[in-house]
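The values are calculated or read from the model by the stated rules, or taken from the named source; none is laboratory data. None of these values were measured; they are calculated from a predicted model. A quick note on method: Cβ atoms are made from the backbone with ideal geometry, for glycine too, and the neighbour counts reach across all protein chains shown.
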Ligand SMILES: C[S@@+](CC[C@H](N)C(=O)[O-])C[C@H]1O[C@@H](n2cnc3c(N)ncnc32)[C@H](O)[C@@H]1O
């Protein structure tokens with residue numbers, strides 16, 4: 001029965017329990033049994049194998065089968081590399097023209113990793129308020145996310161953390177430490193199953209990332225599944241974006257032309273394809289011997305030597321990019337592609353060029369709103385979503401997105417109305433049906449997300 005359960009767990013969670021780890025599987029199910037209301041492991045396994053589990057139940061099971069161990073600034077070398085090499089180059093290339101940064105901690109557990117990233121950015125960017133910073137933190141375990149959202153930690157979470165972190169960014173409450181609200185607000189937590197949910201997708205904001213951390217989770221996956229996760233994550237990165245995984249969990253796919261290993265003293269990071277000069281570390285900050293530079297051919301053949309940083313350019317109005325011959329001019333697809341590459345200003349220009357010819361198409365306004373949202377222009381995104389809903393009041397995903405945005409703005413009553421409307425529209429669809437503009441996410445999954453959001457709302 002355990003072997004059968006192992007197959008089941010691999011299919012729906014991506015978690016791999018080879019014969020020598022069946023004992024771990026048994027222990028995990030033993031601990032889940034209580035939460036599912038069973039007194040014996042066998043009865044719990046029988047039920048698991050015979051039941052069509054809800055997403056919530058799958059997530060609960062996952063949280064018992066993986067270890068959520070983590071701590072602030074885990075693996076200091078990686079944070080040092082970010083601070084001295086990777087981030088300065090990105091920040092400098094965007095300063096004064098396009099001041100945004102998008103980071104994702106995939107499998108964030110109880111939040112120590114994404115909060116460490118937020119702390120690092122506060123330390124590195126003195127004019128942070130003039131930047132649009134997005135730190136997305138996701139995990140499959142609702143319990144871990146709840147703890148992350150509370151932002152209260154014990155000593156164990158600081159076990160190998162520089163002292164200034166606890167002293168400068170936390171407030172002591174009895175024997176616990178509460179994160180500074182300003183840092184807390186920089187991180188958005190949400191539930192995402194790396195084995196099943198779609199990414200990159202604008203709907204869960206997993207696109208156009210500059211840096212992705214996915215550490216200490218791929219070890220639980222089979223080789224094929226881990227490869228697939230890495231492939232998808234690499235599609236979530238902008239050109240020149242960075243993937244950070246732990247050294248023990250680098251599967252076969254992490255190889256040119258998808259990602260290139262860049263060797264720093266003490267750690268290897270992975271960098272996506274063609275390097276734009278916007279994000280290339282300058283030679284002055286990057287030890288030449290440390291970098292395994294990809295051959296120009298593997299980078300799309302530009303042959304441009306890395307390290308030729310340009311002076312800051314003044315802001316200018318983005319142009320609609322010229323399309324290849326026969327491309328048919330600007331299109332929603334082109335706007336999406338550009339948004340996926342993180343070329344947000346161009347994506348918006350394309351989207352706005354398309355709208356006049358199809359003014360009553362709510363999907364175009366939805367696309368425009370998602371791009372505006374990524375650019376941090378949430379006020380405008382709200383107005384544009386309202387326009388989409390004016391045209392089509394039954395547009396479930398627009399209600400969902402608007403509810404999400406309004407919630408972020410603290411407009412809880414209006415948010416609640418839109419989330420409830422989205423929920424009722426989605427309940428009218430089949431559980432596995434994918435509504436328009438949902439980018440592969442099923443109605444059932446969206447309903448669960450909304451319920452989780454409403455739960456967070458209730459606690460707040
Ligand atoms: C050891 S923690 C890693 C925390 C942090 N990334 C670090 O390295 O310190 C592993 C996390 O992976 C999460 N996890 C396991 N399977 C997952 C899946 N299929 N999708 C998303 N998260 C998953 C677990 O819930 C757990 O919180």
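Need at least 1 residues that are on the phi > 0 side of the Ramachandran plot per element, so show me which helices (runs of 4 or more DSSP H) inside region 363-460 make the cut, counting only ones lying wholly within it.
It comes to none.
Going by the structure shown, is residue 70 in contact with a strand residue (DSSP E or B) (Cβ under 9 Å, 6 or more places away or on another chain), more than 20 Å from residue 241 (Cβ to Cβ) and touching a residue at least 60 places away in the same chain (Cβ under 8 Å)?
The answer is no for residue 70.
Tally up the residues in region 327-352 that are outside any helix (DSSP H, G or I), at pLDDT 85 or above and crowded, with 18+ Cβ neighbours inside 10 Å, please.
So the answer is 1.
For region 68-79, give me each residue that is over 20 Å from the mean Cα position of the chain (by Cα) and either buried (at least 17 other Cβ atoms within 10 Å of the Cβ) or within 9 Å of the ligand (Cβ to nearest atom) (or both).
75, the sole residue that qualifies.
Does residue 252 satisfy being more than 16 Å from the ligand (Cβ to nearest atom), at pLDDT below 95 and assigned to a strand (DSSP E or B)?
no
Is it fair to say residue 104 is within 19 Å of the chain's Cα centre (by Cα), away from the ligand (no atom under 16 Å from the Cβ) and at pLDDT 90 or above?
No, not satisfied.
State whether one or more residues within region 126-134 are in contact with a helix residue (DSSP H, G or I) (Cβ under 7 Å, 6 or more places away or on another chain) and modelled with pLDDT of 95 or more.
Within region 126-134 (the criterion being in contact with a helix residue (DSSP H, G or I) (Cβ under 7 Å, 6 or more places away or on another chain) and modelled with pLDDT of 95 or more), the answer is no, since none of the residues qualifies.
Taking the stated definitions as given, is residue 94 more than 16 Å from the ligand (Cβ to nearest atom), closer than 23 Å to residue 239 by Cβ and in contact with a strand residue (DSSP E or B) (Cβ under 8 Å, 6 or more places away or on another chain)?
yes
So, residue 82, is that one in contact with a helix residue (DSSP H, G or I) (Cβ under 8 Å, 6 or more places away or on another chain), in the same structural domain as residue 226 (by TED's automatic domain parsing), near the ligand (Cβ under 10 Å from one of its atoms) and part of a helix (DSSP H, G or I) or not?
It is false that residue 82 is in contact with a helix residue (DSSP H, G or I) (Cβ under 8 Å, 6 or more places away or on another chain), in the same structural domain as residue 226 (by TED's automatic domain parsing), near the ligand (Cβ under 10 Å from one of its atoms) and part of a helix (DSSP H, G or I).
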